[in-house]
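To start, the structure itself, in structure tokens.
The values are calculated or read from the model by the stated rules, or taken from the named source; none is laboratory data. Small disclaimer: the values here were computed from a predicted structure and weren't measured.
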Amino acid sequence: MSVSLLSDISIFVLSLLVGFEVISKVPATLHTPLMSAANSIHGIIFVGAMLAASTAHNVVGYVLAFVTATFAAANLVGGYAVTDRMLQMFKAKPRPPTVTHESEQER
């Protein structure tokens with residue numbers, strides 16, 4: 001195992017641990033803004049996948065770039081769908097018209 005691969009794996013594992021700790025401490029009231037920020041991050045990951053695809057020169061590189069782009073796009077679209085559903089909960093529901101005494105007398 002090369003030194004650069006070991007370094008990359010250790011950075012990846014550390015980022016997983018830090019990400020888990022940060023996300024687990026977020027209160028429920030901040031999940032909607034957090035999802036919006038996550039959507040931006042997934043957009044950046046998608047662009048990175050496209051850049052990785054442009055530098056691929058063999059079948060393994062093409063397959064990894066395709067899988068990365070597919071997962072990033074799924075997370076991006078799914079994140080916006082979840083954010084939209086969460087924001088729908090905060091919209092005021094339309095109220096039915098109230099019946100006044102004058103309209104009852106006209107009948």
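Annotations
- Within region 37-72, tally of residues that are among the small types (Gly, Ala, Ser) and part of a loop (DSSP other than H, G, I, E, B): 1
- Condition met for VAL22 (modelled with pLDDT of 85 or more and either among the small types (Gly, Ala, Ser) or in a helix (DSSP H, G or I) (or both)): no
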